[in-house]
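For reference, the structure discussed in these notes is given below.
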Amino acid sequence: MKTYCDKNFIKKILPVFLAAVIFGVLLVSPAALVRAKKGGDYPRDWDGETGRVFITLSGYTTGLLPEEELRLAEVIVNESRLYNLDPFFIMALIKTESTFYNFSRSEKGATGLMQVLPATAKGLAEELNITWEGGKTLYNPYENVRIGTYYFSQLLRMYRYDKNKALLAYGFGPSFVEERQRSGASFPEYFQDRVFLHYKNLKEGISI
């Protein structure tokens with residue numbers, strides 16, 4: 001009788017136990033997994049911007065390892081702060097350009113997370129003292145973000161911190177903006193609208 005009761009007890013409790021384990025695993029954030037893997041070597045502001053950026057990155061197919069995503073989160077936050085930009089605005093720009101996939105390449109040759117053209121990136125890399133190794137440099141996620149963030153900050157200054165024009169120049173090129181201004185033609189808005197929408201959702205923790 002005891003054996004029978006024990007077996008029945010096991011049959012009843014085992015599914016509950018397994019469900020609890022699975023649920024517990026699902027609740028473990030990528031942040032916690034990397035924390036454990038790296039023996040506690042994680043950003044000091046884990047509960048701040050860097051942690052939130054990393055958790056956002058981990059929800060997408062980046063083509064990177066978790067530890068690379070962690071370092072990328074740190075680079076995004078540090079580079080954004082360097083130019084007084086909101087890291088989540090740069091995240092929104094990255095999401096619009098590449099949906100966070102590191103190995104993205106457009107038909108026109110724009111490459112990497114921030115979809116920078118090699119011809120544009122080469123001069124920017126020189127200004128940043130980044131060793132230029134051709135287009136493959138832009139597949140380095142950290143250098144890509146350094147170059148892309150620096151480029152956007154330059155465009156902001158060029159257009160007197162008008163984010164709409166800076167984004168338009170980033171997406172279509174400064175010559176496109178200048179031509180539109182000379183001709184008096186209206187500016188397309190869909191690119192900027194997407195960036196601002198992603199920015200709002202990323203700041204609020206909404207994934208779409």
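The values are calculated or read from the model by the stated rules, or taken from the named source; none is laboratory data. What you are looking at is a predicted structure, and each value in this text was computed from that prediction instead of being measured. When we count neighbours, we look across all protein chains shown, and the Cβ atoms used for this are built from the backbone with ideal geometry, even at glycine.
General remarks:
- Residues satisfying the stated conditions in segment 152-183, i.e. in contact with a Leu (Cβ under 9 Å, 6 or more places away or on another chain) and not in a helix (DSSP H, G or I): 159, 162, 173
- Failed criterion for residue 186 (all others in (1) part of a loop (DSSP other than H, G, I, E, B); (2) touching a helix residue (DSSP H, G or I) at 6+ places or on another chain (Cβ under 7 Å) hold): (2)
- When residues of segment 164-184 are limited to those that are closer than 21 Å to residue 197 by Cα and buried (at least 17 other Cβ atoms within 10 Å of the Cβ), the one farthest from the chain's Cα centre (by Cα): 165
- Any hit, segment 134-143, residues being within 17 Å of residue 53 (Cα to Cα), in the same structural domain as residue 62 (by TED's automatic domain parsing) and surrounded by fewer than 22 Cβ atoms within 10 Å (Cβ to Cβ): yes
- Of all residues in segment 45-83 being without any contact (Cβ under 8 Å) to a residue 40 or more places away in the chain and among the polar types (S, T, N, Q), the one that is surrounded by the fewest Cβ atoms within 10 Å (Cβ to Cβ): 78
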